[in-house]
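This report refers to the structure that appears directly beneath it.
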Amino acid sequence: MSQTFRQQIETIVSLTDEEFDYVMSYFTPKQLRKHQFLVQEGDLVQYNYFIVQGLTKSFYTDDTGREHIVHFAMDNNWVTDAQAFQLQKKSSLNIYCLEKTELLAISYANIEKLCAGLEKMQYYFRKKLSEENMLLQRRIQCLITNNAINRYHDLATNYPELIQRVPKKMIASYLGVSRETLSRLLPQS
């Protein structure tokens, strides 16, 4: 579990064994089963999670009961309700495990301590935040400027593994269309 995390960190900063042991001292391993909630709407969001292995969806449910998926996170990615985590408030999202998921959890206070104690990790988290902001901007632009079929092709091109791991109904929700609309747009296989 920790080796996967170290490899991910070292795509941005290199760490000695001692530094990595120091980093790991701030994290708590966690395992969730498929169909288990990591975060539920209304929960106080105390942790940011690195997904060692597994798959989650972040979603909210509107007043009509319709589910709107805003994010998928899989192996080697971070997941939390970012706004609630940063502000230490209650979540407006649900985060749900679509597969058995192995995580490393870190609290807001421990991120602050870790970054104060090891400047490399402050750089790491700043780079990860920038990457996430760029991906979010790209997703918003794609939703605004592309039709459903182009949004699907963009997703399939950039995240082919996700297309294989997630049911089409969830892909449709993520793209902002109905399952039926997505089925009509895609070639029959």
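Averaged over every viewing direction, what's the projected area of the C-alpha convex hull for the stretch 2-118? Give it in nm², one decimal, please.
Working: hull surface 29.1 nm².
The orientation-averaged projected area of the Cα hull of the stretch 2-118 comes to 7.3 nm².
When only Cα pairs under 8 Å and 6 or more residues apart are kept, what is the percent relative contact order across the chain? Working shown, then result.
On the way: 272 pairs, mean separation 44.2, N = 189.
About 23 percent, as a whole number.
In debye to the nearest 20, how big a dipole does the stretch 2-118 give about its Cα centre with +1 on each Lys and Arg Cβ and -1 on each Asp and Glu Cβ? Could the numbers behind the result be given before it?
Details: 10 positive and 15 negative charges, 65 e Å.
Computed about the Cα centre, the dipole is about 320 debye.
Can you list residues from other chains, or at least 5 along the same chain, whose modelled amide H is less than 5 Å from the amide H of residue 78?
Under 5 Å from the amide H of residue 78: 51.
Sort 39-47, 64-72 by the packing proxy (mean of other Cβ within 10 Å over each peptide's residues), most packed first. Could you put the intermediate results ahead of the total?
Working: 39-47: 16.3, 64-72: 13.7.
By packing density, highest mean first, the sequence is 39-47, 64-72.
Quickly rank 170-176, 106-112 as a protection proxy: mean count of other C-beta atoms within 10 Å, highest first.
Top of the packing list down: 170-176, 106-112.
Where nothing but the Cβ of Lys and Arg (+1) and of Asp and Glu (-1) is charged, how large is the charge dipole of the stretch 45-189 around its Cα centre, in debye to the nearest 20?
On the way: 18 positive and 14 negative charges, 26 e Å.
Rounded to the nearest 20 debye, it is 120 debye.
Could you state the principal axis extents of the C-alpha atoms in the stretch 85-179, from the largest down, to the nearest angstrom?
Extents along the principal axes: 47, 29, 26 Å.
Under 23 Å between alpha carbons, and skipping anything fewer than 8 positions from residue 113 in its own chain: which lysines qualify?
30, 89, 90, 127, 128
Rule-based calculations on the coordinates, nothing more; no lab input. For clarity, every value in this text was computed on a predicted model and none was experimentally measured. FYI the Cβ positions are ideal-geometry reconstructions off the backbone, even for glycines, and counts take in every protein chain you see.
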